[in-house]
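One structure, as structure tokens, below. Some questions next.
The values are calculated or read from the model by the stated rules, or taken from the named source; none is laboratory data. Since we're looking at a predicted model, the values are computed, not measured. Using ideal geometry, Cβ is built from the backbone for each residue, glycine included, and neighbour counts are taken over all protein chains shown. To get the accessible areas, we keep the full protein, side chains included, count just its heavy atoms, and leave off ligands, DNA and RNA. Shrake-Rupley method; radii C 1.70, N 1.55, O 1.52, S 1.80 Å.
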Amino acid sequence: MAGMVIPMALETYQMTMPRKVYSGKNALENLTAIAANVPKTAVFTDEGILRTGLLDLPLAKLKEAGTETLVISDLPPEPTYAQVQKLVDVFRASGAELIVAVGGGSVMDTAKLASLLAGEDNLTVKDLLDRPGLAEKRVQTCLIPTTAGTGSEATPNAIVAVPEQELKVGIVNASMVPDFVILDAAMVRNLPRRIAAATGVDAMAHAIECFTSNKANPFSDTFALEAFDLILNNIETACDDPDALEAKNRMQIAAFYAGMAITCSGTTAVHALSYPLGGKYHIAHGVSNAILLVPVMKFNEPAIRGRLALAYDRVVHGEKTCVSDEEKSAWVVRRMGEIVEHLNIPTSLEEFHVSREDLDGLVDAGMQVQRLLANNMREVTPADAREIYLQVLPH
């Protein structure tokens, strides 16, 4: 970061971090000590993780710890709040004193909500949609991501689908920040390329959105820029080469850093406008962000040009051929588009059977996500949202 000057925010800002983070080779060994002296542990995961055998090593470490384990795995992708509630109820009845989550964003989000509702028998996930501060965490959590992307292992956020609104909603409660995080490349080594790609681009969106957010500050900038640098220079290798464990671990760290940036900054219009795509059409979160990333960044570019130029200065390690802020900004947006294309992620909603007849509903739903739209440096009007969606709808 030598020579780079980042404007200092004048307002107060804060950061909440997990108590301990383990990363690198054999990081999973630490799970045994975490679970030692815990009579019973609930392990949240999903059926896909079970089928691949990814849970075997964490379960072996828990067995070494001598803790009784209950595996809770009946979780669909992109779950609704009612589906999450069913797993919360199973956990409540278990009497477990530690939660270990092994999976992607939905698994980790569900585990965090369970930790929040553990001692609150009269509260439900639905109650937290409008009043997330009603409960505080009662059970410690250890999160072990099996993707390098969502950043859920770092954040106080949990995302659930709300079918009656055809939308995804973020529940934010500071006490949901996990107690322990384990980032072990062995857990992402055999991740299918399409999932590694989508989740990796999700992390890329987190990083650049937080860096160009109205809430950006020196804390978030430190994590967002480092994450963006790591992602742009490792994501293609990490996705293309199953044996590139160093690149995969760098992506895990980058996803965690981007999650840390979210805790003290926030995502912007990319995430805001992608929520209806997951809520109504069940498009994977990373894919919907990838589809909207470049169109939103092009829309934002006049307002964030200086910030994108700073990002260019950080991520280009060799000869820097761009001189003006305009050239640097254009390079960053173009490079993100090249990564999405290289990773074979769709850039249109056509294959998801979303048509122009759906446009009004998308705009209405997207504009409801004011929590994130308020972070966008360029104001997004309904007309603006309409133009952005039109760019990714079939002609």
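Could you check residue 44 against (1) at pLDDT below 95; (2) among the aromatic types (Phe, Trp, Tyr); (3) open to solvent by less than 40 Å² (accessible area, probe 1.4 Å) and say which number it fails?
Checking residue 44 against (1) at pLDDT below 95; (2) among the aromatic types (Phe, Trp, Tyr); (3) open to solvent by less than 40 Å² (accessible area, probe 1.4 Å), the one that fails is (1).
Another question about this same structure. Would you say residue 296 is open to solvent by less than 20 Å² (accessible area, probe 1.4 Å), in contact with a Leu (Cβ under 9 Å, 6 or more places away or on another chain) and free of Cβ contacts under 8 Å to residues at least 40 places away in the same chain?
Answer is no for this residue.
Now for a different question. Within the stretch 62-86, count every residue that is open to solvent by less than 10 Å² (accessible area, probe 1.4 Å) and within 22 Å of residue 134 (Cα to Cα).
2
Scan 319, 350, 326 and give me the residue that is charged (D, E, K, R) and at pLDDT 95 or above.
After applying the criteria, what remains is 326.
Next question. Restricted to the stretch 299-323, and to residues that are of a type in the set (A, V, I, L, M) and open to solvent by 40 Å² or more (accessible area, probe 1.4 Å), which residue is nearest to residue 211 (Cα to Cα)?
Among residues in the stretch 299-323 that are of a type in the set (A, V, I, L, M) and open to solvent by 40 Å² or more (accessible area, probe 1.4 Å), the one nearest to residue 211 (Cα to Cα) is 303.
When you scan the stretch 212-248, how many residues do you find that are over 27 Å from residue 373 (Cα atoms) and open to solvent by 30 Å² or more (accessible area, probe 1.4 Å)?
Of the residues in that region, 9 qualify.
Right, next: Of the residues that make up the stretch 88-109, is at least one in contact with a helix residue (DSSP H, G or I) (Cβ under 6 Å, 6 or more places away or on another chain), surrounded by fewer than 21 Cβ atoms within 10 Å (Cβ to Cβ), touching a residue at least 12 places away in the same chain (Cβ under 8 Å) and farther than 23 Å from residue 20 by Cα?
no
Which members of the stretch 275-293 meet the condition of being open to solvent by 30 Å² or more (accessible area, probe 1.4 Å), of a type in the set (A, V, I, L, M, F, W, C) and assigned to a helix (DSSP H, G or I)?
none
Are any residues in the stretch 110-125 open to solvent by 10 Å² or more (accessible area, probe 1.4 Å) and β-branched (Val, Ile, Thr), and if so, which ones?
Correct list: 124 only.
Here's another thing I want to ask about it. Only one of these conditions is not met by residue 35: (1) modelled with pLDDT under 95; (2) over 30 Å from residue 310 (Cβ atoms); (3) in contact with a Lys or Arg (Cβ under 9 Å, 6 or more places away or on another chain). Which number is it?
All conditions are met except number (1).
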